[in-house]
Amino acid sequence: MDSDALKYNLRPPKGLLLLGVPGTGKTLSAKLIARSLNVPLLGVSWGNILAADSPDRALSKLLEIAENLHAVILWDDFDKGFTDWESSEGGVSRRLSQKILTWMHRA
């Protein structure tokens, strides 16, 4: 970690959000990060989380597992969590997306 960050007692974030069009290397980057950190890579479908009987519980359990394994999470179609926010399903997507972003921010 950068020595300036250490002076201010700042820790690195838990997460990194890679955004780009298909074919730009997001998946490859996640694989390389997991390999270089020598940790598991968990591939997760956002649609499967939303389709669970209890999406909140499914996401909480997934994040708990990822923490325990010190794993890298590769979200498939994460951008779908930010669509249809105005619809009735948008409330769930919005809530879960916010939970993930907050989790990534916490040390």
Which of (1) at pLDDT below 90; (2) surrounded by 11 or more Cβ atoms within 10 Å (Cβ to Cβ) does A52 not meet, given it meets every other one? (1)
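Is it fair to say L69 is closer than 14 Å to I100 by Cβ, of a type in the set (A, V, I, L, M, F, W, C), modelled with pLDDT of 80 or more and surrounded by 11 or more Cβ atoms within 10 Å (Cβ to Cβ)? Break it down into steps so the answer makes sense when it comes.
Working: closer than 14 Å to I100 by Cβ: no; of a type in the set (A, V, I, L, M, F, W, C): yes; modelled with pLDDT of 80 or more: yes; surrounded by 11 or more Cβ atoms within 10 Å (Cβ to Cβ): yes.
Here the answer is no, as L69 does not meet what is asked.
The values are calculated or read from the model by the stated rules, or taken from the named source; none is laboratory data. Just so it is clear, the model here is predicted, and its values are computed rather than measured. Cβ coordinates were reconstructed from backbone atoms using ideal geometry, including for glycine residues, and neighbour counts include every protein chain displayed.
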